[in-house]
Amino acid sequence: MLHCNGDSTMATAFSDASRTSADIKAPSHLLALTELPRAFAEFASLPLAAPLLARAPRGDGHSVLVLPGFITTDASTAVLRGFLKRLGYDAHEWGLGRNLGPRAIGREGEKLVAKLEELHEQCGHRVSLVGWSLGGVMARLVAQRVPEAVRQVITLGSPFTGSPRATNVWRTYEWLTGQRVDDPHTRSQIRESATPLPMPATSIYSKGDGIVAWQNCLEPTGPLAENIEVRGSHCGLGVNPSVLYAVADRLAQPEGAWLPFDRSGVKGWVYPAGNA
């Protein structure tokens, strides 16, 4: 259920106001070594967080497609999907096997587009996309290509801006996917993914991420875009109680009446103001 993924098909456009893309480096190897212990701790905290999660907004029954991160499968998103189903959502696995970039979704993302269009046709309404790490980058890509099928996009630790080398696994990505991060075709897809989306978009990220540079996960904020900072690891984002609650809160936004995440009250202690 836990996974450690770092994504490499992501880059360009948006950079932090005080730093250029070239300034942003991958997290330290020391921080990366703490990823799995922290992820297991986050998973173990779920029973303690049950009272908080029980107060999460109920779903309206619309369909949600959940995309796993690099190297992982639908098993990694089981906790997240189970939580959403209990809230009343029609949560779906992606069904494309292990996420090995273009080897899973096709060179142009055509397999994932087909999956989204099929679900959209079956349910008869727009589908929300929730993508973890590389899955989030892919979610943004297909949302650009078939916006009429997408209600909103939520990414978890997805570095869709900045340098594709600002992760600790970009070399592994190239080796396993056969896709070079500096290939012109790859760069074109990267630019497309980084482009602001025409539907509500939420980026959930952690400054304690030991796999990807958190700065490259930031969405340029606007009327339909926001960033939500959480405390935790990259590998535990899908089982982190604060992430689960935030995802539920975002999905509960009425279609056509989206509002930014509310950090008032006790939530201010859980969710730092960060780079919202």
Requested in this report: Mind telling me which of the residues VAL137, VAL153, VAL130 ends up being under 27 Å from TYR245 (Cβ atoms), within 13 Å of the chain's Cα centre (by Cα) and in a helix (DSSP H, G or I)?
Outcome: VAL137
Query raised in the report: Taking GLY135, is it of a type outside the set (A, V, I, L, M), buried (at least 24 other Cβ atoms within 10 Å of the Cβ) and either over 17 Å from CYS235 (Cβ atoms) or free of Cβ contacts under 8 Å to residues at least 12 places away in the same chain (or both)?
Result: no
Query raised in the report: For the subset of the range 182-210 comprising residues that are assigned to a helix (DSSP H, G or I) and polar (S, T, N, Q), which member is surrounded by the fewest Cβ atoms within 10 Å (Cβ to Cβ)?
Result: SER188
Query raised in the report: Hey, any hits in the range 230-245 for a residue that's at pLDDT below 95 and either under 17 Å from the mean Cα position of the chain (by Cα) or surrounded by 15 or more Cβ atoms within 10 Å (Cβ to Cβ) (or both)?
Result: no
Query raised in the report: So, of the residues in the range 246-261 that are of a type in the set (A, V, I, L, M) and within 14 Å of the chain's Cα centre (by Cα), which turns out to be surrounded by the most Cβ atoms within 10 Å (Cβ to Cβ)?
Result: VAL247
Report summary line: ALA54 vs (1) within 16 Å of the chain's Cα centre (by Cα); (2) farther than 30 Å from GLN179 by Cα; (3) at pLDDT below 95: all pass except (1)
Query raised in the report: Of the conditions (1) in a helix (DSSP H, G or I); (2) under 28 Å from ALA44 (Cβ atoms); (3) at pLDDT 90 or above, ASN216 fails just one. Which one is it?
Result: (2)
Query - Index of the failed condition, SER264 passing every other in (1) free of Cβ contacts under 8 Å to residues at least 60 places away in the same chain; (2) buried (at least 19 other Cβ atoms within 10 Å of the Cβ); (3) in a loop (DSSP other than H, G, I, E, B) - result: (2)
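The values are calculated or read from the model by the stated rules, or taken from the named source; none is laboratory data. Please read these numbers as outputs of a predicted model, since none were measured by experiment. Glycine gets a Cβ as well: all are built from the backbone with ideal geometry, and neighbour counts include every protein chain shown.
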